[in-house]
Each structure stands twice: as C-alpha cells, then as structure tokens.
Amino acid sequence: MLDTLLITLLIVAISVVLLGVKVFFVKGGRFPNGHVSSNKAMRDRGIGCIQSQDREAQRKPRFSIDELEKALSDSMN
C-alpha cells in the first residue's frame, strides 16, 4: 500500500515538473494562455469565449415595450 502511494506521488511530482518546465526554468516563463479569446485563429473567425459573450450580452440594454411593439409591427408590414 505504501509503495503504491509513493509511486503515485513520484509520478505526480514528475508530471508537474515536466508540465512546468517553461515556468520553472525559463526566466519570465509562464503557462500559455488557454483562453479562447486569446487565440488569433478563433478571433479571425469571430469565435469568442462564452463568458465574454455573456458579459457583453448582459451589458446591452433590454428592449422596452415600445421598441418590441415597433419591431413587431415592422416585421408584419
């Protein structure tokens, strides 16, 4: 049981070191940004992070009743 625990901890420690090589051994190194909106190819396609899109949608003012009625009457004509 103790052998399994020690082997597991060793494997996890090696994994953390290997994943963090750039962070630990390169001056000014840091983990790459995995955020969708920081990817140039995604931005070119107009794809953004759902959290950012939700935040923008919540900032937009809601329609008033008058605007909804006008939009409905415009769509019926």
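The values are calculated or read from the model by the stated rules, or taken from the named source; none is laboratory data. Please read these numbers as outputs of a predicted model, since none were measured by experiment. Reconstructed Cβ throughout: ideal geometry from the backbone, glycine too, with neighbour counts over all protein chains shown. Accessible surface is based on the protein model in full, side chains and every heavy atom, while ligands, DNA and RNA are left aside. Shrake-Rupley method; radii C 1.70, N 1.55, O 1.52, S 1.80 Å.
Between Asn33 and Ile47, what is the spin-label point distance in nm, taking each point 7 Å from the Cα along the Cα→C-beta axis?
The modelled label-to-label distance comes out at 1.8 nm.
Please give the calculated 222 nm ellipticity per residue for the chain, where each DSSP H segment of at least 4 residues contributes -39500 (n - 2.57) and the sum is spread over every residue; nearest 500 deg cm²/dmol?
For the chain, the value works out to -19500 deg cm²/dmol.
Whole number in Å², please: accessible area per residue of the chain, 1.4 Å probe, ligands, DNA and RNA not counted.
Here the residues of the chain average 97 Å² of exposed surface.
Report, to the nearest whole %, how much of the accessible area of region 11-65 belongs to carbon and sulfur atoms, 1.4 Å probe, protein only.
Roughly 61 percent, rounded to a whole number.
Quickly work out the Leu5-to-Ser73 label distance, labels modelled 7 Å from Cα along the C-beta direction, and quote it in nm with one decimal.
So the two model labels end up 7.6 nm from each other.
Using just the alpha carbons, could you tell me how many Å³ per residue the convex hull of the chain encloses?
It comes to 219 Å³ per residue, whole-number rounded.
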